[in-house]
Amino acid sequence: METNEIVNELGKLSMTDDVLQVEKMLGSLLEVPFDSYSSLDIKNTFLDLLTKNTPNINLLIVKCIAEATKNPNQRNKFSNGDVLEKLMDMLNGALSNRDIELTSQLCRALGNIFYSNDDSRNIIFHYDGGATLINLLDVSNNEIKVFDELQTFSKVRSGVLSNYLLGNEELSQKAIEMKIIDKIQTRIDDALNPYNDALLEHLLPLLSILTEQVSDLIFNSEIIICIAKIFKQSTSADVTESCLELFQCQACENDEIKLLLAQQHVCEHIFESLEKYKTFTGNVDFRSLTKLSCDLIVLILTGDEAMHYLDATPLLSLIQQWLNSSDEYLVATSVLALGNFARTDNHCIKMVEDKVLLKLIDILKTSTQRELSDVNSRLQHALLSAIRNLVIPKENKKAVIESGLLEIMLPILNDQQQPPVVFKVLGTLRMLIDGQDELALKILSDAQLIEKCVGWARKTPDMVGVNSEASRLLAWLIKNAYRLRSNEGLSSKPLEAFISVDGSVDVLVKMLSSAHVVMQNEAVISLTIIAMLIHKHRALSQMLIDANFADAISDFICRISETERITNEIIDNLSTLITVLKKSDEMKNYFDEKSIDEKAIPRIRELATL
């Protein structure tokens, strides 16, 4: 019998009480491919048959609906209030009676109807807010004695709930109000005792959907601890991936979750697992899990409390082992993790003492000699960030300088065009020269580097970080190189060479307009040092005039007069700058012409002492 003939016969039988013949026709319909009746009008026939409320017929019809609604055309036809309310009424009854077979088939049918179908989901939302669907989670594992039936039910239960909630924040929020998370947690507890990956595989995606759709959703600590237990026991790649993704979402903006994950020894478990299965690195799925795992370690360590907690564990020494790995991603993870530990001076000093810095420099040197890839780029960024942190403590600077870091950094700047790399190298150099007069003088004498820095400071308005860092490095070079300028033997040639670079003075003048007080003060100090050459370098006056120095200084005085952040240090430096420049007749006339009122300095000093 052809499919359309079966459907026609069912239509006729819906007018009779011939139960056996209806069952036979429905059985025949289930044996044909669902695509063969995708265009036929079967909804009304099925609805008429369902009103007879015959158990066997109901089960067969629901199975047919589940098959038919795999087709988008039929899915739309069944997105009807009468049909959906009938199916939901049946689901309520099946749940009450714990008719697991009918419940499972209803889950299949409804799940297929909900798939990418807002119309059907909205009907259910207005029917009971999704309460019946959420009550599916009240069925405990021990109520279903046959494991295959339990596994099938768990799968279709997750499927219908996922398809109902997916892509709709309002439905997800309502489900949370109906305690769906508490119900999921109860079912997770079931699957933990005894532990069962197959059941957990269907529960965790529900939590993922809720997390993705409700942006401010934070799970309670009990659920996080449960997921951590799952993570440490699972042998399923899918379950492990779900745990990692949930951890990522939950910990991303929440330091308390980071600390909780640290306390649950998630990082140590990741290390042990990756070491145990490192022979699988060529496997694509394992590679994906490796990256997720590594990224989670780094994320957890961005939390201050989590980092300090993990400092008391073996993690730091374990992570350092990956510096010798042949896997570039593990090396990058180790460096990023070390960089997060290196947020405190004590850690930085210890890493230098333990020769970790030398290892990082060796890796950096090797990475710059390889072709740049996504992983290698990630590694370079990690190395530069970590090394920058290690450079900051005063106790480390001598060891860093002696390590040969400068000889690697300067070529990177000469060859590098990537703004993030340039930004980090410039910042590292700025930290390195702090208080290191001889080194600052050496770098200031590097004409090629100074020209590049001036170029970055002037020509990268769309890359503010590089612009600001290049400007600050120039100011710091001048400040540190000539910190001992009272020494009569100190040559002014590097400073004169700096001034001769086109745009160099203009960069420092523009720093006066910075929104940051620190940068403003750095500009004043560096300009004051340069002003010492006002008589020796006759072109300097004209450079300052061309850079609209008077307007910049007037605006600077005006702004610091209005700010509460003004300090006597800034006022003293500003007063010194103007005093030095006015020793030049050309600059004095320029100031008079531009009405730079030197009496403004005492007035703003009064503000600073209030």
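The values are calculated or read from the model by the stated rules, or taken from the named source; none is laboratory data. All figures in this text were calculated on a predicted structure; none of them were measured in a lab. Backbone-built Cβ (ideal geometry, glycine too); neighbour counts: all protein chains shown. Accessible surface areas use protein heavy atoms only, side chains included; no ligands, DNA or RNA. Shrake-Rupley method; radii C 1.70, N 1.55, O 1.52, S 1.80 Å.
Laid out as a table, the results:
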{"quantity": "Within region 281-290, considering residues that are closer than 21 Å to F247 by Cβ and exposed (fewer than 14 other Cβ atoms within 10 Å of the Cβ), the one modelled with the highest pLDDT", "calculated": "S288"}
{"quantity": "Helices (runs of 4 or more DSSP H) wholly inside region 298-368 containing at least 1 residues that are open to solvent by less than 20 Å² (accessible area, probe 1.4 Å) and among the small types (G, A, S)", "calculated": "304-311, 328-341, 356-367"}
{"quantity": "Failed item, numbered, when V509 is tested on (1) open to solvent by 40 Å² or more (accessible area, probe 1.4 Å); (2) at pLDDT 85 or above", "calculated": "(1)"}
{"quantity": "Subset of region 228-239 [under 15 Å from C267 (Cβ atoms) and open to solvent by less than 60 Å² (accessible area, probe 1.4 Å)]", "calculated": "A228, F231"}
{"quantity": "Residues of region 197-222 satisfying the condition of being open to solvent by less than 20 Å² (accessible area, probe 1.4 Å) and assigned to a helix (DSSP H, G or I)", "calculated": "L199, L200, L203, L204, L206, L207, S208, I209, L210, T211"}
{"quantity": "Filter result for P194 (under 22 Å from Q233 (Cα atoms) and outside any helix (DSSP H, G or I))", "calculated": "yes"}
{"quantity": "Residue satisfying all of: in region 113-126; outside any helix (DSSP H, G or I) and polar (S, T, N, Q); least open to solvent (accessible area, probe 1.4 Å) among these", "calculated": "N117"}
{"quantity": "Enumeration of residues in region 177-196 that are of a type in the set (V, I, T) and either farther than 21 Å from S140 by Cβ or open to solvent by less than 30 Å² (accessible area, probe 1.4 Å) (or both)", "calculated": "I180, I181, I184, I188"}
{"quantity": "Leading residue by the ranking (farthest from L217 (Cα to Cα)) among those in region 140-166 that are within 37 Å of the chain's Cα centre (by Cα) and open to solvent by 70 Å² or more (accessible area, probe 1.4 Å)", "calculated": "T152"}
{"quantity": "Residue within region 303-322 that is polar (S, T, N, Q) and either within 25 Å of the chain's Cα centre (by Cα) or within 21 Å of F231 (Cα to Cα) (or both) present", "calculated": "yes"}
{"quantity": "Meets criteria (charged (D, E, K, R), modelled with pLDDT under 90 and either surrounded by 14 or more Cβ atoms within 10 Å (Cβ to Cβ) or in a loop (DSSP other than H, G, I, E, B) (or both)) for E564", "calculated": "yes"}
{"quantity": "Residue in region 127-139 that is open to solvent by 20 Å² or more (accessible area, probe 1.4 Å) and farther than 23 Å from D182 by Cα present", "calculated": "no"}
{"quantity": "Qualifying residue in region 80-99 (condition: in contact with an Asp or Glu (Cβ under 8 Å, 6 or more places away or on another chain) and on the phi > 0 side of the Ramachandran plot)", "calculated": "yes"}
{"quantity": "Test result for S172, within 18 Å of R108 (Cβ to Cβ), in contact (Cβ under 8 Å) with a residue 24 or more places away in the chain and either among the polar types (S, T, N, Q) or crowded, with 17+ Cβ neighbours inside 10 Å (or both)", "calculated": "no"}
{"quantity": "Any hit, region 67-81, residues being within 18 Å of A131 (Cα to Cα) and open to solvent by less than 50 Å² (accessible area, probe 1.4 Å)", "calculated": "yes"}
{"quantity": "Failed condition for S39, given (1) closer than 16 Å to L136 by Cβ; (2) over 41 Å from the mean Cα position of the chain (by Cα)", "calculated": "(1)"}
{"quantity": "Subset of region 249-277 [in a helix (DSSP H, G or I), of a type outside the set (G, A, S), closer than 19 Å to S334 by Cβ and touching a residue at least 40 places away in the same chain (Cβ under 8 Å)]", "calculated": "K258, L261, C267, E268, F271, L274"}
{"quantity": "All positions within region 142-169 that are touching a residue at least 12 places away in the same chain (Cβ under 8 Å), of a type in the set (A, V, I, L, M, F, W, C) and not in a helix (DSSP H, G or I)", "calculated": "I144, L166"}
{"quantity": "Residues that are out of contact with any Ser or Thr (no Cβ under 8 Å at 6 or more places or on another chain), more than 14 Å from A68 (Cα to Cα), open to solvent by 50 Å² or more (accessible area, probe 1.4 Å) and of a type in the set (A, V, I, L, M), drawn from region 7-32", "calculated": "M15, L20"}
{"quantity": "Which numbered condition C252 fails, given (1) surrounded by fewer than 17 Cβ atoms within 10 Å (Cβ to Cβ); (2) of a type outside the set (S, T, Y); (3) at pLDDT 95 or above; (4) under 17 Å from the mean Cα position of the chain (by Cα)", "calculated": "(3)"}
{"quantity": "Matching option when the condition is at pLDDT below 90, open to solvent by less than 30 Å² (accessible area, probe 1.4 Å) and under 20 Å from I557 (Cβ atoms), among S492, S514, S526", "calculated": "S514"}
